Amino acid sequence: MLVKGVVFYLESDLPSEAKFLLEDFRLAVNNSIRAGLQARVTSRNALCKIAYKEFRHYHPRMYSQHLVSAFEVACSILKNHRMRLRKSVTCRIPFVQRLMMKAENQAYKLDRRSGVIDLPIRAGCHVELRLIVSQYHRKYLDDMSLSLGSLTVLPDRVVVAFRKDALKPFVPESFLSLDTNERSLDGVFVEGDVAKAIKADFPEVAIIQQRHHDRRKRLQKKKAHDRRTSRNLCRREGAREHHRIDYRLHQVANSVLKFAEERRSAIVLEDLKGFKSRRSKELNRRLSLWPRRKLHQIIEYKAQWKGIPVVKVDPRYSSRTCPICRKIQYSRMGAKFKCVCGWHMDRHINASINLLQTAISKGMAGGLWFNPGAFQHDVMMILYEPAMAARSELNGTSGIAGVS
Ligand SMILES: [Zn+2]
């Protein structure tokens, strides 16, 4: 079962009854976290058993299904808490600070045509939440193959989970093998006898990371006397950085998947799990794996949603092996990969050819065969480049430059 959360903003402010409900819900979650820790229980049912009666007493007017879902939220928070404890990360007893509530799909009604949510507060009291519905939202609301999951209500927006049975991935007619780099996805597209180089560039991601890193450094220095402010400001910087990078990664993933869907390609990616770099702290930051892992995550779940097959292969030696004679080179310096047998290729594209060959040799690529000799050296297909971003971010100077 695949789940996708879709954010809806509200036409008007949350009614006051609903605000009270959010506060009640938060209180119930925080109380059940404490109850769960005290009784050392982990499952929702166990928590229900020990705490329900007492909670009914404390929150006499709350709709009982909301109370059960408060237990569920508390359980998932406790699960994370235990995980941190197991990793012996020092942490305080968790509590929910932000106003929120979660309702299971039986506990609310959404009219998919008009976009109105009917949320029960307590016996005999319901509120209507009118959602702002755009074309993007229509795509999910009108698709009746999607069922409704839980609803998360926040003070200014709601998140509706749409659920869908996982599609069986299609039988690929071609292959798209991608080597993930700090600033680009480079790879080959193989269809029949023809192989072409492919590129999706996202140089801004590294630039944004660098810029926000510098800014954080500066803030830390400037606010060295006030740790709390420094921490808050840095957190805000971090959230901004994530937003900006996320947006670009989604764009890149969308263009890759659009291509794969049109050509009925399977996507071959390197498996970044367990991939650790042993470099200096400075270089580690610069070559941070986070955006690459995130990009893979996005590609994978979007591909699942669309039924596009994704194959992940072990990337070992992929950047140092010659795809023709299988010789492994000692070093991989330089932008070009050159082999004694005469094969030469862009280093990143060479790596993606090796990824594809690993997939083929492991039988993960169906009956496909790839002949590096058929590679068209002079063709480069661009899947994505920064100029394709629909929304360019304006700042003080780029607004003027953008006119030309
Ligand atoms: Zn060779």
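The values are calculated or read from the model by the stated rules, or taken from the named source; none is laboratory data. The shown structure was predicted, so the numbers you read here are calculated from the model rather than taken from an experiment. Positions of Cβ are generated from backbone atoms using ideal geometry, with glycine treated the same way; all protein chains shown enter the neighbour counts. These accessible areas exclude ligands, DNA and RNA; they are computed on the full protein's heavy atoms, side chains included. Shrake-Rupley method; radii C 1.70, N 1.55, O 1.52, S 1.80 Å.
For this structure, a couple of remarks:
- Here K273 is the anchor, and the aspartates and glutamates within straight C-alpha reach of less than 13 Å, apart from those fewer than 8 places off in the same chain, are D314.
- Note on M100 and L27: their simple-model spin labels are 2.0 nm apart, each label 7 Å out from Cα toward Cβ.
- Residues with amide H under 5 Å from that of M380, placed H, sequence gap 5 or more: none
- Viscosity 1.567 mPa s, 4 °C: Kirkwood-radius Stokes-Einstein D of region 44-104 over Cα pairs, µm²/s: 101
- Counting only residues at least eight positions apart within a chain, or on another chain, the lysines with an alpha carbon under 16 Å from that of K217 are K281.
- Label-point separation, R40 to S76 (7 Å along Cα→Cβ), nm: 2.7
- Take every Cα pair under 8 Å whose residues are at least 6 apart in sequence, average their separation, divide by the length of the chain, and the relative contact order is 17 percent.
- Label-point separation, I93 to K336 (7 Å along Cα→Cβ), nm: 6.7
- Non-local Lys pairs in region 73-188, i.e. 8 or more apart or on different chains, that have alpha carbons under 25 Å apart: 8
- Largest accessible area first, the listed residues M144, M345, M83 line up as M144, M83, M345 when surface is computed with a 1.4 Å probe on the assembled protein chains.
- Residue-span extension gain [K53 to C125] - 0.36 nm each, minus C-alpha spacing: 23.7 nm
- Pairs from the table (K19/K53; K4/K49; K196/K258) lying more than 20 angstrom apart at Cα are K19/K53; K4/K49.
- Viscosity 1.002 mPa s, 20 °C: Kirkwood-radius Stokes-Einstein D of region 43-163 over Cα pairs, µm²/s: 131
- Per residue Cα convex hull volume in Å³ - calculated over region 115-224: 224
- 33 Å tail of the calculated P(r), the chain, as % of Cα pairs: 49
- Lys, Arg +1 and Asp, Glu -1 on Cβ, resulting dipole of the chain about Cα centre, debye, nearest 20: 2300
- Derived value for region 191-265: Kirkwood hydrodynamic radius 15.0 Å. Basis is the mean of 1/r over every pair of different alpha-carbon atoms.
- Longest DSSP-loop-exposure-free segment, chymotrypsin sites (Phe, Trp or Tyr not before Pro), the chain, at most 10 other Cβ within 10 Å: 1-329
- Among H225, V133, Q329 the positive-end extreme of the charge dipole of the chain (Cβ point charges): H225
- The chain, accessible area per residue, ligands and nucleic acids excluded (1.4 Å, Å²): 58
- Here region 151-303 is treated as a sphere whose radius is the Kirkwood value from Cα pairs; by Stokes-Einstein at 25 °C and 0.890 mPa s it diffuses with a coefficient of 135 µm²/s.
- Model label zone, L85; criterion: amide N under 13 Å from point 7 Å along Cα-to-beta-carbon; scope region 21-45: 33-43
- Surface composition of the chain: carbon plus sulfur atoms contribute 51% of the solvent-accessible area (1.4 Å probe, protein chains only, all chains present).
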